[in-house]
Amino acid sequence: MAESDLDDMTALLSDPEVMRHYPAPQSRKEAEDWITWNVRNYAEHGFGLWIIELTDGTFIGDCGLTVQDVEGERLVEVGYHVCAAWQGRGLATEAATAVRNAARDAGMPHLVAIIRPANRPSQRVAQKLGLRLERRIVNNGGEDLVFGADLQALP
């Protein structure tokens, strides 16, 4: 993800359908801040969210790893956003599976996905990755589900 992705990321993060499980769609400035945060994550952690594209270069969304605070514990989360027009085709699962495998290959011990209870499609992606519901938390003013798995125990 780089500054050159700003138009695509603005379209993705400002789409009410894509952001329906977030407090609100994001502005162009917030999309710019999102990119800056990911570039900083690459430098600090060696990972962040990456752009998802088809082989022909068509922008699909983002997917990758971020460090999240979960009740005072810093955990590595797999996250994904897919453009509304491309949802329901297995692309989030495909991208997230590659990310999960890369995390496991890098020796990360545990992976989580933090998901709103109403976001059933995202929960299905997490379950396909082998993540299971570990706990419920209050996060950003609402309830979240924390799906997780010990990566070395996954097939």
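The values are calculated or read from the model by the stated rules, or taken from the named source; none is laboratory data. Nothing here was measured: the structure is a model prediction, and the numbers come from that model. Cβ: placed from backbone, ideal geometry, glycine included. Neighbour counts: every protein chain shown.
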Of (1) out of contact with any His (no Cβ under 8 Å at 6 or more places or on another chain); (2) under 26 Å from Ala24 (Cβ atoms), Tyr42 satisfies every one except (2)
Taking Thr10 as meeting all but one of (1) under 25 Å from Val146 (Cα atoms); (2) buried (at least 19 other Cβ atoms within 10 Å of the Cβ); (3) among the β-branched types (Val, Ile, Thr), write down the number of the exception.
-> (1)
Lone unmet requirement of (1) surrounded by fewer than 19 Cβ atoms within 10 Å (Cβ to Cβ); (2) under 23 Å from Pro155 (Cβ atoms) for His21 | (2)
The lone condition Leu75 fails out of (1) exposed (fewer than 11 other Cβ atoms within 10 Å of the Cβ); (2) more than 23 Å from Pro16 (Cβ to Cβ) is (1)
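Name every residue in the range 115-131 that is of a type outside the set (Lys, Arg) and either farther than 20 Å from Ala153 by Cα or assigned to a helix (DSSP H, G or I) (or both), in order of residue number.
Across the range 115-131, the qualifying residues are Ile115, Pro117, Ala118, Asn119, Pro121, Ser122, Gln123, Val125, Ala126, Gln127.
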Would you call Glu77 modelled with pLDDT under 95, closer than 23 Å to Glu143 by Cα and either under 15 Å from the mean Cα position of the chain (by Cα) or acidic (Asp, Glu) (or both)?
-> no
Across (1) assigned to a helix (DSSP H, G or I); (2) modelled with pLDDT of 95 or more, Gln152 clears everything bar (2)
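Restricting to the range 96-114, name every residue that is in contact with a Cys (Cβ under 9 Å, 6 or more places away or on another chain) and not small (Gly, Ala, Ser). Can you show your working first?
We begin by selecting, within the range 96-114, every residue in contact with a Cys (Cβ under 9 Å, 6 or more places away or on another chain); these are 96, 98-99.
Scanning the range 96-114 gives a single hit, Val99.
Please work out if Val70 is within 13 Å of the chain's Cα centre (by Cα) and of a type in the set (A, V, I, L, M, F, W, C).
On the way: within 13 Å of the chain's Cα centre (by Cα): no; of a type in the set (A, V, I, L, M, F, W, C): yes.
The answer is no for Val70.
Residue by residue, here is whether (1) acidic (Asp, Glu); (2) surrounded by fewer than 12 Cβ atoms within 10 Å (Cβ to Cβ); (3) under 24 Å from Ile137 (Cα atoms); (4) out of contact with any Gly (no Cβ under 8 Å at 6 or more places or on another chain) holds:
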| residue | (1), (2), (3), (4) |
| --- | --- |
| Ser27 | no, no, no, yes |
| Asp33 | yes, no, no, yes |
| Phe47 | no, no, no, no |
| Gly64 | no, no, yes, no |
| Ala84 | no, no, no, yes |
| Gly88 | no, yes, no, yes |
| Asp105 | yes, yes, no, yes |
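Which is aliphatic (A, V, I, L, M), out of contact with any helix residue (DSSP H, G or I) (no Cβ under 8 Å at 6 or more places or on another chain) and either surrounded by 14 or more Cβ atoms within 10 Å (Cβ to Cβ) or within 23 Å of Asp15 (Cβ to Cβ) (or both), of Val99, Val125? Spell out the reasoning first.
Numbers: Val125 fails: out of contact with any helix residue (DSSP H, G or I) (no Cβ under 8 Å at 6 or more places or on another chain).
So the residue among Val99, Val125 that is aliphatic (A, V, I, L, M), out of contact with any helix residue (DSSP H, G or I) (no Cβ under 8 Å at 6 or more places or on another chain) and either surrounded by 14 or more Cβ atoms within 10 Å (Cβ to Cβ) or within 23 Å of Asp15 (Cβ to Cβ) (or both) is Val99.
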